[in-house]
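Contents: one structure, followed by commentary.
The values are calculated or read from the model by the stated rules, or taken from the named source; none is laboratory data. Here the structure is a predicted model, which means the values were calculated and not measured. Here the Cβ is made from the backbone with ideal geometry for all residues, glycine too, and neighbour counts use every protein chain on show. Note: accessible area is taken over every heavy atom of the protein model, side chains too, but ligands, DNA and RNA are not part of it. Shrake-Rupley method; radii C 1.70, N 1.55, O 1.52, S 1.80 Å.
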Amino acid sequence: MKLEDLYRQVIMDHYKNPRNKGLVEADGYQTVHLHNPSCGDDMTIEVKVEGNIIKDVRQAGTGCSICCSSASVMTEELIGKTVAEANKTIQNFYQMIQGNDLTDEEIEELGEAMAYKGVSQFPARIKCATLAWKAAEKALKEADEDEK
């Protein structure tokens, strides 16, 4: 099986069976909603941080398979990390999506998010893949500001 086929399977699995879908709308969650008017993708991300550890990440939205599956993968990759680790993972995801090379360690840290590596070949889809990640990044920043 080719790597591209494996990546396609990961994307379709997360699109058809999204993880951490549905908002909690409870105290302690930072909520960020982002919309991509150029394609109609619409995503809301909730992040719960306790003691600098990401305890929960929820996602809800509508859009293409790249956008919705990327949100699902992102939730799984960020839960359990420290805020600093999560921010590093987010930045590595952006670097990969832009077609930049990553170290073996950075690739390993991305886990299933590596499935979106091929998106760099389709510039119009980069916003689809990064929408949820940008919302999570903003939510983490807000959570960090609330802690201070």
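Things to note:
- Index of the failed condition, Ser70 passing every other in (1) farther than 23 Å from Ala143 by Cβ; (2) hydroxyl-bearing (Ser, Thr, Tyr); (3) crowded, with 16+ Cβ neighbours inside 10 Å: (1)
- When Leu23, Leu3, Leu102 are screened for being open to solvent by 70 Å² or more (accessible area, probe 1.4 Å), hydrophobic (A, V, I, L, M, F, W, C) and either out of contact with any Cys (no Cβ under 6 Å at 6 or more places or on another chain) or farther than 27 Å from Glu142 by Cα (or both), only Leu3 passes.
- Considering Gly118, Gly111, the condition of being within 20 Å of Arg19 (Cβ to Cβ) and of a type in the set (Gly, Ala, Ser) is satisfied by Gly111 alone.
- Residues of segment 58-67 classified as of a type outside the set (Lys, Arg) and either farther than 15 Å from Thr31 by Cβ or open to solvent by 30 Å² or more (accessible area, probe 1.4 Å) (or both), total: 6
- Where Asp146 falls short, out of the listed (1) among the charged types (D, E, K, R); (2) in contact with a Leu (Cβ under 9 Å, 6 or more places away or on another chain); (3) within 20 Å of Ile53 (Cβ to Cβ): (2)
- Residues that are in contact with an Asp or Glu (Cβ under 9 Å, 6 or more places away or on another chain), not β-branched (Val, Ile, Thr) and not in a helix (DSSP H, G or I), drawn from segment 1-25: Arg19, Asn20, Leu23, Glu25
Per-residue answers, yes or no, for (1) touching a His at 6+ places or on another chain (Cβ under 8 Å); (2) modelled with pLDDT under 95:
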| site | (1), (2) |
| --- | --- |
| Asp56 | no, no |
| Thr75 | no, no |
| Ala113 | no, no |
| Leu131 | no, no |
| Ala135 | yes, no |
| Asp146 | no, yes |
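- Of all residues in segment 125-148, those that are crowded, with 17+ Cβ neighbours inside 10 Å and either of a type in the set (S, T, N, Q) or more than 15 Å from the chain's Cα centre (by Cα) (or both) total 2.
- Total residues in segment 34-57, condition open to solvent by 50 Å² or more (accessible area, probe 1.4 Å) and under 22 Å from Tyr116 (Cα atoms): 4
- Taking the numbered list (1) more than 21 Å from Arg8 (Cα to Cα); (2) charged (D, E, K, R); (3) surrounded by fewer than 17 Cβ atoms within 10 Å (Cβ to Cβ) in turn, Glu108 passes all entries but (1).
- Complete set of residues in segment 18-36 that are under 15 Å from the mean Cα position of the chain (by Cα) and among the hydroxyl-bearing types (Ser, Thr, Tyr): Thr31
- Counting only helices (runs of 4 or more DSSP H) that fall entirely inside segment 37-124 and contain at least 2 residues that are over 13 Å from the mean Cα position of the chain (by Cα) and without any contact (Cβ under 8 Å) to a residue 40 or more places away in the chain, the qualifying elements are 83-97, 104-110.
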